[in-house]
Every structure is written in C-alpha cells, then in structure tokens.
Amino acid sequence: MFQQGYSLVDIARMTSGRLSGQAGNQLIDELLTDSRKLTSPYRSLFFALITPRNNGHRFIGDLYEKGLRNFCVSEMPETPPEDAVFILVDDTLKALQQLAAAHRRSFNIPVIGITGSNGKTIVKEWLWQLLSSEKTIVRSPRSYNSQIGVPLSVWQMNPLHTLGIFEAGISQPGEMQKLQEIIQPSLGIFTNVGHAHDQFFASQQQKTEEKLKLFRDVDLLICCSDHPLITTALSKAGFMASKLFTWGRQAGNTLQIKAISKSNNNTLISGIYRSESLSIEIPFSDEASIENACHCWAVMLAMGYGPDVTASRMRRLTGVAMRLEMKEGINGCSVINDAYNYDPESLAIALDFLSQQNQHLQRTVVLSDMLQGSADEAATYRVIAGLLLDKGVSRLIGIGTVISSYAHLFGSDSRFFSSTEEFLSGFRPAWFSNETILLKGARAFGFERIHQLLQQKSHETVLEVNLNALVHNLNHYRSLLKPDTRIMAMVKAFSYGSGSFEIANTLQFHRVDYLAVAYADEGVELRKAGISLPIMVMNPEESGMEAMLQYELEPEIYNLRSLGMLLKAMHATGRPHPAQADVHIKLDTGMHRLGFDEQEIGGLIKQLAESPAIRVKSAFSHLAGSDDPQLDAFTRQQLALFSAMTEKLEMALGYPFLKHVLNSAGISRFPEAQHDMVRLGISMYGISSDPEEQKMLEVVSSLKTSISQIKHLNPGESVGYSRAWRAEKPVTIATIPIGYADGLSRRLSNGRGTMLVNGFPARVAGNICMDMTMLDITGIAAKEGDEVLVFGKELPIASLAEAMDTIPYEILTGISRRVKRVYFQE
C-alpha cells in the first residue's frame, strides 16, 4: 500500500477491540493472516484466525521470534511479551472484515463487485485489460474472493486508485452480507449460477438469492437475462428496473444479442443497444469466453465508452492464465512460469510460491517493466525491490527500459536488458545453474520465449500436479483431526508418482509434522533439496544406515536385525556419528508383513535397555482393512492390540513416544484411534475407496498427451503389432506419444482402455507400444496436436484401474520418470 497506514489505536477503535501494550507511533499498512508470509514485521498486524483446520494463535510465538510485535487476537497468550501489542476482540475474522470495511468507506471511487458460479476472475482480469489504460485499478489478486480474501483485497485500496474491481464468492448461506459490507460495490456483475457448493444450500434458488445480496446498494447491476434463476431472484427481491442493465437474446434487454458467428478461434457478436446496431469481435470461440465477453461489453457501454473504442479493445483481449507452473529447467534448475500478468499484488503471490522452494539455494527472478500505470513510478519499483529483498531473492534480471532505469534500487548481482529481444540474442545457458527461476512479466514482453529456452526439453506427455488440490485434500483430513493430532505425510515412491521435493516443499510450507519415505535415498534427496522436516524411512537397508545417520533420517525398526544394523552403523570406526538416533518401532498387529509380534516385545525392550543411544520417537502399526466395513471387527482387534503393546513398551522405557496407527481410510472411519499422529497417504493425492469421501477430495494428478498423427483406414486394415486390431468399417486412428515405457499398461490394449479426446471417449486400438498408443477417434472432431486426457478430473484414475484389474496406487507409482511433471498453483 502507498498510503501511510493506520495507528494501532485507530485499528482497535475500528474493530471494537481492547488494546493491550504500548502501541507507540508505528503505522500499520500490511495485514497478515498467514504466518508463513511475513515480510515487513514492523508495519504488519497479524490476525490470529480460528478455522476448522487451524488456530492462528498457535503461531504467535514463531512470529514474535521473527520480529513481529502487533497481533489481533481473540484469546491472550498466558504470558504476553512486554514489548508486543495485542488487540483483543471477540472474533478475529469479524475484526478483519470490520477493518477492511472501514478502510473501504474512506474512498469515494467507483467499485465493481463481481459474483457468480463461474467467470468471476476472467471478467475481472478482462475488465482490467480493457480499462487500465486510463484508470488506476485496484483488483482482487487472482481469485481472492472468500471471507478472508475479500478483506485482504479491499485493504489494497490507496489514494492513487480511481477504480476498484473485486470478486465475491460464497460457499454457504449468510456469507454474502459480510462481503457486501466490505466491497460496497457501486456497479455489480452477476455472471451466472452453476452447481458449485449446491450441497450447502437448500436449493439453487436459495444460493442465487444469497449471491444477489452483494448488489443491495449498487447503482447498476449487469446480468444476463437468459439465466432464469437470476431473473427469478431479481423479481422476488423487487430489484428496480432502473438499476438493471440486462443483456441476452430476447428483445427488451438493455443490450440485445442478435447474432453470434464463430470463425476459427474468433467470434463476432452483434447486438442492439439504445436502438443502435453494434458489434464486437473477440479472439475466442468457446461459450464461456463469449458469455464473459458480453459481461465486459455491457460494462464498457454502461461506463460510457464509445462503440469504436470498445470494439478495438475487445479485439485485443488476451487469455488469462489462471495458474503459475513449475517445471524442470536446464542445468538442474527449477523454472516457475507466471509470465502472463504482472502487478505488485500478483508478484507478491508468485514470490510466496518461490519462497516455498527449498531445492536450490539460489533464487533468480526475471522481471519485465510493469505496464500498469502508476502516478508514482519510483515508489512502485521501490516496493518491488523491497519485495525481492524480503523474499530472499538472490538475483534479478530486469527486462525493459523502465526497470533498467531503476537499476540502482536492486542488488549488484542484477542484470538488465532493454528488451526481451536483447536478452534472447545474448542468452547463454551457462547463465543459469542449480537455481530456482521465477519468470514474471507483462504479456507484451513475450516471456514465453524465455520460458522455452529455460525449460528442460522432453516429450509431449506430461503429468500435471495441482498443488492447490493437494493442499485442499490435506486440509480436509486436517479438519477431521483433534487440534493436537499430528500428521505424517507419505511421500514414498516419488510421492505416489507425483514428484519428490516439489511435493515435500508444499507439505513443509503447509506445516505437516512428519514425512515418510520408503528408502534412505529418497530421504537423502529431500534433505539435499532443503527439506528440514523429520523424515521416517520405512524400509531401512543396511547399505543405507550410514546415510540415514549423516542426513538425520529416522529409520523404522521392525525386528532385532534392523536394530542391530543401525547400532553397527553408529559404532563404525573412523566416522563421526550422532550420540543418539531416533527410531520408529513397527508393531505387527495383524498385517503380518513387517514388525514386532506381541511375544517379541520383551526382547525388544531388553535390547533397547542395553542401547541408550537409541531413542524411540514413535511406535506404529499398519491396519489391514481400515477401508472395508466387513473387516471392522478385525480392525478393532488390531487397534486394541496396538494400544496394549504400546502401553507395555512405554511403561518399560519410562518415557513417552508418539503413537500412530491410522492411515487415510482410518482417519475418517476410526476417529477414536487418532492417538498422537495419523499417516496420510493416497487420499492426500485425491484418491479414496469410499465414494462419499471421494466427493470431498480434489484431483491432484492428470496425465495428458497430444495427437501426433491421424490416419484414415478402410475395412480390413489393421493397427499395431501382430495386427491384433482390425477395422470393421472406415475408421479414424490417432497416434499419441505415450506407451508402456511411460507407465501405460499393455493390459489396456485392444479396446480395454479409454481416453478422452476433446472431451469424447476414444478406445485404444491395437497393442500399446513402448512409446506410442493408437486410439480409435472415429466420429470425434480432432486434429493433430489436440490434447488427450489419459486420466484426470473428467476421467477418474479409478476407471483406468478398473479396466486394468488393479488399484490406482499401481498406476500412479508406475508413471515413468521420463514423463515431465508440471506443478501448478492457481
């Protein structure tokens, strides 16, 4: 924010809070709700929010150690530090919202509020593209539209802004009224009504009426009259016709759509406004983009823009990147690509993602000029320089004449180029090695060309990993746990095929308590990538014991032999070793795979008593059938035996240790057995054997490829090796670059497997080859280069597993390392 901020005394008044401590004269201009994203301790106020998944009061001590002294709380610490200031309120989320609402009331500028089931972010970003040339716009970063995101978005408003554009999203009744009081829109856009969050409302009509509350006090509401749920809600609410700008096919709309004509990837939209025929052309042809464009067209007309200016700008609309991606780069680098939009707010979000990456010590940011207009250009680049410094960026590469003119604000290691072309002409791969690189630039600079140079080349089959979905699933299970129950996240087998340090970095950032790997080399790889969480090794081998000691990994001990291997490594001559080793005792309660049987506990106790250098960190067991109700009696037998065995072991050792027995399925089915920790595995990656549980999870991994070639065959012609598949009629065959060397099982050959081509199912034709597969796409409109979905949200991996007579675990863990992993965060 460019304004000076508010005093703590003022904030206490705005939030009806009670001030405790010496407030001093400092002004607050940054609000913090996530303790991991602290950048400016002196100017920040932390709101200790309490949610079903977490309690922000737990992190006050950590923030204090990092220099923060200002806190808004609903419960005071037992011994508050003398130099800290606390604002005590009844409800910290309500206080955050009250503060944002008070801040909003201090500005008298037009504000556009947007709600609806789909299209909010696209409409917001397109309006920014259309209007930012003459207006200084403050807008929601990405999709900050929640009860927390909206106040943080509105808090960005400062005296330089001349227009605000904010999204509002709800998931249950009673939420929109709070957001209305924060946004206080003067112009509203109601995009549409879909099925998202239907389960939390009595009906879709109730959900529509709840969303409509955002527009209670607007001067004008823009909506499409072709949505009957919206028109019914407007009628029921008695919305004045003079406050409506409707568009749609029917006569009587403010903007009547007369014709829509698609050609290649462009769409011509013709309409009538105030008895005058108008038209726009947009560089998109999908239905969602057409609807979003009509909303934007209506806004331009309502704001008084002429038809020529509007048509010219609509023609130049560009796609909105809804996510940033991380890929493997050249020379051992990781490349984060967020080079599609660029403003201080989106830069801060991208830098947060960069700061989560610990696999490289060096962090480089490639930035272009910021094309968004600002009345104080120098202040903008000072803010950018401060962000880079706060986030530990090692080096800046600046591209553009403007950022180059402010080179003095950045570190001595920085390099500057006047244009992307100058950078490309002088590019040398040796400039980058073993570092994490963030690309962040305005679209006009064409950073996709830089991205092509920096990413590691690989074939067109990719496994997309949605980190937002991973965190969603983690938080779902976290919400089922008692507040003091810890989480051990399973990242063995390359994180079920999803990746190594990329997944571990995300889990570490989101504060899981433990990681678990299968073998020592997996744990060593994580340690070398900067992962500092405790790591349990579930299959320790004698050859890996030295490495486990060196990298502070904690082995599973399942028999006296494995304990002996560890003791032998600890006592090896000529090598420095820790005085103590932490171990995890595996107990066999009925799985009969690994672990100490009940009758072997006495021998274990004796050996541990003779080995003071060994300290038991936890004892655990595996449930054989926690997901199967028919095996519940056996599961409860296992749980009882586990409690008895751990009680005996703890009594003999004379000190407490962590106990954990529940896996993913057990967390929801046996909550009484949470003990001290639970182990979260396949369900964290979006897969559950329980259909009801599956509805609560999001898909993490999607395997995608593309069509290499299309052939047209006559009856009798064959496809693939051994001529195992023959055409019975004229058919169209697509060859795709994925085969059994990529992890696609040959069991899917000859019609057993199905993939999606442009949303339509296509069966496998012939035998799957090492590097290629053929699909029967007869009747499907497709061309070479089109995307093919092997599995993902629209084609669940469980369906593929069923066709193979296997389980999703086998498919995920079998995806070859040669398949490029692309990690993205929305």
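The values are calculated or read from the model by the stated rules, or taken from the named source; none is laboratory data. Source: prediction; values computed, not measured. Cβ coordinates were reconstructed from backbone atoms using ideal geometry, including for glycine residues, and neighbour counts include every protein chain displayed. Just so you know, the surface numbers come from the protein's heavy atoms only, side chains and all, with ligands and any DNA or RNA stripped out. Shrake-Rupley method; radii C 1.70, N 1.55, O 1.52, S 1.80 Å.
Checking each residue in region 299-329 for being open to solvent by 30 Å² or more (accessible area, probe 1.4 Å) and either part of a strand (DSSP E or B) or over 20 Å from Ser133 (Cβ atoms) (or both) picks out Met322, Arg323, Glu325, Lys327, Glu328. Among the residues of region 52-92, those identified as closer than 28 Å to His472 by Cβ, in contact (Cβ under 8 Å) with a residue 40 or more places away in the chain and either hydroxyl-bearing (Ser, Thr, Tyr) or surrounded by 21 or more Cβ atoms within 10 Å (Cβ to Cβ) (or both) are Cys72, Thr92. For Ala727, the requirement of being open to solvent by 10 Å² or more (accessible area, probe 1.4 Å), hydrophobic (A, V, I, L, M, F, W, C) and without any contact (Cβ under 8 Å) to a residue 60 or more places away in the chain is not met. On the stretch given as region 704-752, residues that are among the hydroxyl-bearing types (Ser, Thr, Tyr) and closer than 17 Å to Glu787 by Cα total 5. When the criteria are applied in full, Ile733 fails the requirement of being in a loop (DSSP other than H, G, I, E, B) and more than 28 Å from Gln694 (Cα to Cα). Cβ contacts < 6 Å: first residue closer than 17 Å to Leu278 by Cβ and open to solvent by less than 80 Å² (accessible area, probe 1.4 Å), restricted to region 240-259; second residue of a type in the set (S, T, N, Q) and not in a strand (DSSP E or B), any location; separation 6+ or different chain. Result? Taking only residues 6 or more apart or on different chains, the pairs are Phe245/Thr254; Thr246/Ser225; Thr246/Asn253; Thr246/Thr254; Trp247/Asn253; Gly248/Ser225; Asn253/Ser225.
Given the criteria open to solvent by 10 Å² or more (accessible area, probe 1.4 Å) and in a loop (DSSP other than H, G, I, E, B), does Gln147 qualify?
Judged against the criteria, Gln147 is a match.
Of the candidates Ala665, Ala640, the single residue that is among the aliphatic types (A, V, I, L, M) and surrounded by fewer than 16 Cβ atoms within 10 Å (Cβ to Cβ) is Ala640.
Identify the residue in region 755-768 that is open to solvent by 20 Å² or more (accessible area, probe 1.4 Å) and part of a loop (DSSP other than H, G, I, E, B) and, among all such residues, is modelled with the highest pLDDT. The residue in question is Asn767.
Looking at the structure I just gave you, is Ala741 of a type in the set (A, V, I, L, M, F, W, C), at pLDDT 95 or above and out of contact with any helix residue (DSSP H, G or I) (no Cβ under 7 Å at 6 or more places or on another chain)? So Ala741 does not fit the description; no. The set of residues from region 433-489 being under 26 Å from Leu812 (Cβ atoms) and without any contact (Cβ under 8 Å) to a residue 60 or more places away in the chain comprises Lys457, Val471.
Here's the yes/no breakdown for (1) at negative phi; (2) in contact with a Cys (Cβ under 9 Å, 6 or more places away or on another chain); (3) open to solvent by 10 Å² or more (accessible area, probe 1.4 Å):
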| residue | (1), (2), (3) |
| --- | --- |
| Leu438 | yes, no, no |
| Phe445 | yes, no, yes |
| Leu454 | yes, yes, no |
| Glu460 | yes, no, yes |
| His476 | yes, no, yes |
| Ser479 | yes, no, yes |
| Pro483 | yes, no, yes |
| Met488 | yes, no, no |
| Lys492 | yes, no, yes |
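Against the test of being under 20 Å from Leu131 (Cα atoms) and of a type outside the set (Phe, Trp, Tyr), the options Asp376, Asp352 yield a single qualifying residue, Asp376.
Of all strands (runs of 3 or more DSSP E) completely enclosed by region 428-518, which ones contain at least 2 residues that are within 27 Å of Tyr740 (Cβ to Cβ), among the hydrophobic types (A, V, I, L, M, F, W, C) and at pLDDT 90 or above? Before the answer, list the steps.
Details: elements: 435-440, 462-466, 486-490, 514-517.
Because the criterion is at least 2 residues that are within 27 Å of Tyr740 (Cβ to Cβ), among the hydrophobic types (A, V, I, L, M, F, W, C) and at pLDDT 90 or above, the strands (runs of 3 or more DSSP E) in region 428-518 that meet it are 462-466.
Within the set Leu387, Leu396, the sole residue that is in contact with a helix residue (DSSP H, G or I) (Cβ under 8 Å, 6 or more places away or on another chain) and within 23 Å of Tyr42 (Cα to Cα) turns out to be Leu387.
For region 528-575, the set of residues classified as among the small types (Gly, Ala, Ser), assigned to a loop (DSSP other than H, G, I, E, B) and under 20 Å from Ala516 (Cβ atoms) consists of Ala529, Gly530, Ser532, listed by residue number. Residues in region 188-201 that are open to solvent by less than 40 Å² (accessible area, probe 1.4 Å) and touching a residue at least 60 places away in the same chain (Cβ under 8 Å): 7 in all.
When you look at Glu522, is it among the acidic types (Asp, Glu), touching a residue at least 60 places away in the same chain (Cβ under 8 Å), touching a helix residue (DSSP H, G or I) at 6+ places or on another chain (Cβ under 9 Å) and crowded, with 17+ Cβ neighbours inside 10 Å, yes or no? In short, no.
Looking at (1) within 30 Å of Ser132 (Cα to Cα); (2) of a type in the set (S, T, N, Q); (3) modelled with pLDDT under 95; (4) open to solvent by 20 Å² or more (accessible area, probe 1.4 Å), can you tell me which one Gln204 breaks? Failed condition: (1). Looking across Thr401, Thr420, one residue alone is touching a residue at least 24 places away in the same chain (Cβ under 8 Å) and open to solvent by 60 Å² or more (accessible area, probe 1.4 Å). It is Thr401. The number of residues in region 668-689 that are open to solvent by 60 Å² or more (accessible area, probe 1.4 Å) and part of a loop (DSSP other than H, G, I, E, B) comes to 2.
Mind listing just one residue for me: the one in region 46-82 that is over 28 Å from the mean Cα position of the chain (by Cα) and of a type in the set (S, T, N, Q) and, of those, nearest to Thr33 (Cα to Cα)? So, considering only residues that are over 28 Å from the mean Cα position of the chain (by Cα) and of a type in the set (S, T, N, Q), the one nearest to Thr33 (Cα to Cα) is Asn70. Taking the criterion of being assigned to a loop (DSSP other than H, G, I, E, B) and open to solvent by less than 50 Å² (accessible area, probe 1.4 Å), the residues of region 786-806 that qualify are Asp786, Gly792, Leu795, Thr806. Selection of region 159-187 for residues being open to solvent by less than 20 Å² (accessible area, probe 1.4 Å), in a loop (DSSP other than H, G, I, E, B) and in contact with a strand residue (DSSP E or B) (Cβ under 6 Å, 6 or more places away or on another chain) yields Ala168, Pro185. Residues that are under 24 Å from the mean Cα position of the chain (by Cα), surrounded by 19 or more Cβ atoms within 10 Å (Cβ to Cβ) and among the hydroxyl-bearing types (Ser, Thr, Tyr) occur at least once in region 807-823.
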